[in-house]
Amino acid sequence: MISAKELASLLELFKDDDKPLEAVSASFHKAFARSEHFRLACAMCAMLVDGLLAAPAHRLIAYFLLRDMYSAEPLAAQPFLPFLVEQLGRERDGSNAQVEHNLLCLLLAEPPHKDVPKRSALEIRASLAAGEPLPAPNLRAVQVAFAERDQHIPALRRKGIHATVRAPAAEGEGDAETLADAARDSKLDALSARELSCSSFEPAFARPPPPLLGAGEDEVLWLSPCAEGTMLLWDHSMCTDNVKSSEVRELMSKAFKGPLVPQQQQQVLSELESDAKLVYHCGLTPKRLPDLVENNPVIAIEVFLKLMSSS
């Protein structure tokens, strides 16, 4: 999804939790080109879902970047808005649950809360943790916009199960939340770029092949020979000399050298009359034509007529 260098730069950016979120966003846009934003946003979604961002302030920065990255686009053109809506409706536990819920309510409000970008992640966490849970904003317009867009995507494609399965929390002495944070810290330190993936296990769509359609009485049946010993047979008559053409060539070779007897002349004429293509296989060449005209003018005339009719 992203390279190791991009992952290191992204994790370094999350450490600016004491700076205003708009400053963090400016650093993000300065560090990464716009063509890389989608891949980086997918990586942030994977880290949020898999619990790879240990510090609560880092998670708040990731949520803000996902909302701010495409905020200038129309609702239907913001690819990660459904992810934020899904995270808002997800059940959470721990001390940071209310903070994330309230921040998502402020980010998904229409228009978004103006004071959020001007405050740091640490300040937002402190203020939202002390207050009451905010009511969820009206997301009807967002849901309608994405319902129209997603109607062209197959339903099975949207029902995949996340490919990453998190290990159970470590057992031992101490606060459970502290142990979970320590486990996420160690997991994030050992994180490699190839572990981030948006792939999922999708339900298989069974498509068995249909049965063969029975042939009717008025249809032609395809017969597949299955008897043993079947073999190809060669037609030995192919590419063999025709008896008539060989006789005509033999008589024509005599006609080039001297006059033929009337019976031989009549045989040549009758063969040329029955098969006009023999004129091309009788051995006649331009050099032999004067000898044929001199010795057998009748056959020469017939040959000329055949050549003229064929052209």
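The values are calculated or read from the model by the stated rules, or taken from the named source; none is laboratory data. Since the structure is predicted, the reported quantities are computational estimates derived from the model, not experimental observations. FYI the Cβ positions are ideal-geometry reconstructions off the backbone, even for glycines, and counts take in every protein chain you see. When the accessible area is computed, the model is the full protein with side chains, heavy atoms only, and any ligands, DNA or RNA have been set aside. Shrake-Rupley method; radii C 1.70, N 1.55, O 1.52, S 1.80 Å.
Residues of the range 277-311 with amide nitrogen under 18 Å from the 7 Å Cα-to-Cβ point of Q264? What the label zone holds, given the 18 Å backbone N cut-off, is 282-285, 288-303. Placing a pseudo-label 7 Å from each Cα along the Cα-to-Cβ vector at D275 and D115 gives an inter-label distance of 10.7 nm. If you plug the beta carbon distance of S309 and L213 into 1/(1 + (r/R0)^6) with R0 = 45 Å, you get a FRET efficiency near 0.25. Here the mean projected area of the convex hull built on the C-alpha positions of the range 1-145 is 8.2 nm². Remark: the N138-A77 segment gains 20.1 nm on full extension, using 0.36 nm per residue and subtracting the alpha carbon distance.
Among 269-282, 55-68, the peptide with the highest mean count of other Cβ atoms within 10 Å heads the list, and the full ranking is 55-68, 269-282.
The distance between label points at K257 and L289 comes to 2.4 nm (points 7 Å beyond Cα on the Cα→Cβ vector). Once the Cα-Cα distance is subtracted from the 0.36 nm per residue extended length, the I301 to K30 segment shows a gain of 88.1 nm.
Once the 1.4 Å probe is applied to the protein heavy atoms, the range 255-311 comes out at 66 Å² accessible per residue.
For the set K277/K306; K257/K277; K30/K114, the pairs lying more than 19 angstrom apart at their alpha carbons are K257/K277; K30/K114.
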